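The values are calculated or read from the model by the stated rules, or taken from the named source; none is laboratory data. All values derive from a computational prediction rather than experimental measurement. Neighbour counts are summed over all protein chains in view; Cβ atoms, including those assigned to glycine, are modelled from backbone coordinates with ideal geometry. To get the accessible areas, we keep the full protein, side chains included, count just its heavy atoms, and leave off ligands, DNA and RNA. Shrake-Rupley method; radii C 1.70, N 1.55, O 1.52, S 1.80 Å.
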Amino acid sequence: DNELYRSIIGSIMYCVQLCRPDCLYAVCKLSRYLNEPTKAHMTQAKRLLVYLYTTKTQGITYGKKVHGIIGHNIIYGYADADYATDLDSRKSTTGWVFMYNGGAISWRSHQQSITALSTSEAEYMALSDAAKEARSLLKLNVSLETNSVNKIKIFEDNRGCEKWTRTQSEPNRTKHIDIAYHHIKDWVRLGKLEIVPVSTDLQLADAMTKPLPRHRHEFLREKYCG
């Protein structure tokens, strides 16, 4: 029943956009089959409904402490990518989430438009996409309080990708990447963005890029939801 399937996915997507970033990856995957869903897709959509029902008390809670960062008046983000996860196109998945006062305020998961040639390249494109959101959030960061720091930190768990944002010393590895992704270097050089290394275990955007074991998913959910 295509109409029922679209109705289910649309309803879940509305919920995800408002307050349930933990379901973002699942709904993005299921929304690719709106025109021709199979029984397997409908089964997974219903399982997602069951998950939402059993966790209906969950929501975004502000005022928590994450990674030693007291979130008051500070916007910070996490960017991640899962390399070549689509078995048909071999394209990677971008995921990022931005936090304020210990809770998520902005998040996204989507398939990258071009095929990355390495894990670092996929991470670099995900980081560049997150940087576009960070640039718009900079205005909000300044308007929240007059003494706000005019800089946003983005946590990244790939050291090669993090290095590319700060240096021009490896042109052979990045010269083939579309120029649209290199804007992040200018913003890092201007001091508007700071790319901070973080361990994979503490990478909050991990849940935006791939299916995870239950304990890992619940751990990350608690970080940006209540």
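From the helices alone, meaning DSSP H stretches of at least four residues, give me the mean residue ellipticity at 222 nm for the chain, per-run term -39500 (n - 2.57), in deg cm²/dmol to the nearest 500.
-13000 deg cm²/dmol
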- Message: Using the basic label-point model (7 angstrom from Cα toward the beta carbon), what is the K163 to T43 distance in nanometres?
- Response: 4.6
- Message: Using a Förster radius of 22 Å, what is the FRET efficiency between Y62 and E194 based on their Cβ-Cβ separation? Nearest 0.05, please.
- Response: 0.45
- Positive-pole candidate from G102, Q203, G77, dipole of the chain, charges at beta carbon: G102
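At most 13 other C-beta atoms within 10 Å and a DSSP loop state: those are the exposed trypsin sites (Lys or Arg not before Pro) I care about. Give me the longest piece of the chain that has none.
Longest site-free region, per DSSP loop and neighbour criteria: 91-165.
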- With all distinct Cα pairs included, what does the Kirkwood hydrodynamic radius of the range 79-161 come out to in Å, to one decimal, could you say? 13.6
- FRET E, pair S11, F219, Förster distance 22 Å, beta-carbon r, rounded to 0.05: 0.25
- Express the C-alpha Rg of the range 1-117 as a ratio against the empirical globular expectation 2.2 N^0.38 Å, rounded to two decimals. 1.20
- Message: Please compute the per residue accessible area over the chain with all protein chains in place, 1.4 Å probe, rounded to a whole number of Å².
- Response: 52
- Between E194 and residues 5 or more places away or on another chain, the pairs with built amide H atoms under 5 Å apart involve I152, K153, I154
- On the accessible surface of the chain, probed at 1.4 Å with all protein chains in place, carbon and sulfur together account for a percent value of 54
- Message: Under 5 Å between amide hydrogens, which residues at least 5 positions from I105 or on another chain qualify, with H placed 1.01 Å from N in the peptide plane?
- Response: F98, M99, Y100
- Consider the candidate values (i) 18.3; (ii) 19.1; (iii) 21.4; state which one is Kirkwood radius over Cα pairs in Å computed from the structure displayed. (i)
- Sorted by accessible surface (1.4 Å probe, heavy atoms of the protein chains only), largest first, I184, I74 come out as I74, I184
